[in-house]
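Novice: Below is a structure I'd like to ask you about.
The values are calculated or read from the model by the stated rules, or taken from the named source; none is laboratory data. Owing to the predicted nature of the structure, the values given are computational and were not obtained by experimental measurement. Backbone-built Cβ (ideal geometry, glycine too); neighbour counts: all protein chains shown. Side chains included, ligands, DNA and RNA excluded: accessible areas come from the protein's heavy atoms. Shrake-Rupley method; radii C 1.70, N 1.55, O 1.52, S 1.80 Å.
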Protein chains: 2
Amino acid sequence: MSLKFALLGFLSTEAASGFDLAREFGESVGWFWFSSHSQIYPELRRLETEGLVASTPSPGGPGKQKRIYRLTEQGETELQSWLEQPTEYAPIRDVERVKLVFLDQAPVEVIRRHLEDHKKHYEDLLAVYTQQLRELHRGVFPRLVKRLATRPRNSHEMITGLKVLAMQGNIARVRTEIHWAEDALSWLEGMEDQT
Amino acid sequence: MSLKFALLGFLSTEAASGFDLAREFGESVGWFWFSSHSQIYPELRRLETEGLVASTPSPGGPGKQKRIYRLTEQGETELQSWLEQPTEYAPIRDVERVKLVFLDQAPVEVIRRHLEDHKKHYEDLLAVYTQQLRELHRGVFPRLVKRLATRPRNSHEMITGLKVLAMQGNIARVRTEIHWAEDALSWLEGMEDQT
DNA sequence: GGATCCATGTAATTAGTTACATGATTTA
DNA sequence: TAAATCATGTAACTAATTACATGGATCC
């Protein structure tokens, strides 16, 4: 259900092709919703039949069969009404935690490797998020720039502020994971010494 | 794929019925994997045909058609080999963040309500996790007690330690969310004053 | 005897993954 | 001209949700 609104949200900043969306929803680590092109293309067509988006063939001439999707007024309305509704929190499905609590019969090195992977994973994310926050503050973050360009000046501070908040939240999260993994690793060292 | 191993993991502590599992995977907030009974019952039968679990009708006599599933040796082996493999991190799908970054055209009260809901949500979780951590430390957490009872004494510290770690991690996470929401709310207050 | 909980199931649908497939355009 | 990138699609499958359905046991 949320892919729909993630797409509408993205298109509320600027029109884009399925390929653009698939790139942003797929490769880019700094984005908040992952999806693959095989899900995005059919969904866009579905949204078009619903009247929430409209598409035009790319102005690149023939040969290029690229389609550009833009939000319709109806899509804008539907997006706004979804945004206002309270969020339903996704049920917890945490593979790492499941592994951790049942790893108690495994060799200590295995546990350590898991914790080190955990730390590494979030350190990599931290680097990405930190870079993006820097770009937001400098006003060179591409999607921020585009959104500011299409919105009234008196909403610019809010637009920037919310994106900064979101990114700060991500940074706080990954820092928490890194610190936790470090604490866990030093606890584990103590466990080994006992053997 | 992970439901399979969440079930095997759970059954590695003690045999249980589909109903027990559905209760633990459904209602209980403190658990790491959510699933509904309509997914669990068929999955258990599938695992039985795979030979990873075995079931016996409950010893409650006839009338009660309750089936108790226990892990087989093959299931134990498969679980351990899964536990050792590096975790593949789930792709990010974060509805709250998607909402937040597109809420910039909505009234400030709407944004505030979202942030307050966020804070409330994680405060409720914090209460649950804190209580569970207390029970772990006191040695009265039911699933810890059961697991300790079936494992050699020299692994007791590891069993307890890992569960404590997992719970501390959850607590750290929710605290991060609460602090973030508080910071966001006070930033938002400043925004309102400007109007 | 009615409500609540225990206990297990199926059917229909939506969401998401993985793999296969095709062809145009750009770059080296 | 070969490789990489742009661009869009389908098919098969697995995972998860939602709703419907049934009946026994226990409690009041």
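Novice: Go through the residues of region B:138-157 one by one and say whether even a single one is surrounded by 15 or more Cβ atoms within 10 Å (Cβ to Cβ) and away from every other protein chain (no Cβ under 11 Å).
Specialist: Checked against the condition, which is being surrounded by 15 or more Cβ atoms within 10 Å (Cβ to Cβ) and away from every other protein chain (no Cβ under 11 Å), region B:138-157 yields at least one hit.
Novice: Something else now. Pairs please, first residue from region B:71-92 and β-branched (Val, Ile, Thr), second anywhere and open to solvent by 60 Å² or more (accessible area, probe 1.4 Å), Cβ atoms under 6 Å, 6+ apart in sequence or on different chains.
Specialist: Final answer for the pair search is B:ILE92/A:PHE34.
Novice: A further question on this structure: Considering each residue of region A:33-53, count those that are part of a helix (DSSP H, G or I) and aromatic (Phe, Trp, Tyr), and give that number.
Specialist: Number satisfying all stated conditions: 1.
Novice: Give the residues of region B:1-13 that are without any contact (Cβ under 8 Å) to a residue 24 or more places away in the chain and open to solvent by 10 Å² or more (accessible area, probe 1.4 Å), sorted by residue number.
Specialist: Passing the criteria: only B:MET1.
Novice: Does B:ILE40 satisfy the condition of being touching a residue at least 12 places away in the same chain (Cβ under 8 Å), buried (at least 17 other Cβ atoms within 10 Å of the Cβ) and within 15 Å of DNA strand D (Cβ to nearest atom)?
Specialist: In short, yes.
Novice: Could you tell me whether B:ARG97 is within 30 Å of A:LEU8 (Cα to Cα), part of a helix (DSSP H, G or I) and touching a residue at least 60 places away in the same chain (Cβ under 8 Å)?
Specialist: No.
Novice: Exactly one condition in (1) open to solvent by 50 Å² or more (accessible area, probe 1.4 Å); (2) outside any helix (DSSP H, G or I) is not met by A:THR87; state its number.
Specialist: Condition (1) is where A:THR87 drops out.
Novice: Is it the case that region B:101-115 has a residue that's in a loop (DSSP other than H, G, I, E, B) and either on the phi < 0 side of the Ramachandran plot or within 18 Å of the chain's Cα centre (by Cα) (or both)?
Specialist: Checked region B:101-115: at least one residue is in a loop (DSSP other than H, G, I, E, B) and either on the phi < 0 side of the Ramachandran plot or within 18 Å of the chain's Cα centre (by Cα) (or both).
Novice: Taking the stated definitions as given, is B:ALA166 over 28 Å from A:SER81 (Cα atoms), touching a residue at least 12 places away in the same chain (Cβ under 8 Å) and within 8 Å of chain A (Cβ to nearest Cβ)?
Specialist: Yes: the conditions hold for B:ALA166.
Novice: May I pose another question? Of all the residues that make up region B:48-66, how many are more than 24 Å from B:LYS163 (Cβ to Cβ) and modelled with pLDDT of 95 or more?
Specialist: 6
Novice: Run B:THR56 past the list (1) within 10 Å of chain A (Cβ to nearest Cβ); (2) outside any helix (DSSP H, G or I) and report the number of the one that doesn't hold.
Specialist: In the conditions (1) within 10 Å of chain A (Cβ to nearest Cβ); (2) outside any helix (DSSP H, G or I), B:THR56 misses (1) alone.
Novice: What are the residues in region B:14-37 that are of a type in the set (A, V, I, L, M) and crowded, with 18+ Cβ neighbours inside 10 Å, if any?
Specialist: B:ALA16, B:LEU21, B:ALA22
Novice: Pick from region B:64-74 the residues that are within 21 Å of the chain's Cα centre (by Cα) and either within 8 Å of chain A (Cβ to nearest Cβ) or not charged (D, E, K, R) (or both): which of them is farthest from A:VAL98 (Cα to Cα)?
Specialist: Top of the filtered list is B:TYR69.
Novice: Given the options B:GLY30, B:GLY9, name the one that is more than 16 Å from DNA strand C (Cβ to nearest atom), part of a loop (DSSP other than H, G, I, E, B) and within 14 Å of chain A (Cβ to nearest Cβ).
Specialist: B:GLY30
Novice: Suppose the filter is outside the structural domain of B:ALA166 (by the TED database), among the aliphatic types (A, V, I, L, M), over 30 Å from A:LYS120 (Cβ atoms) and in contact with a Gly (Cβ under 8 Å, 6 or more places away or on another chain); does B:LEU8 pass it?
Specialist: In short, no.
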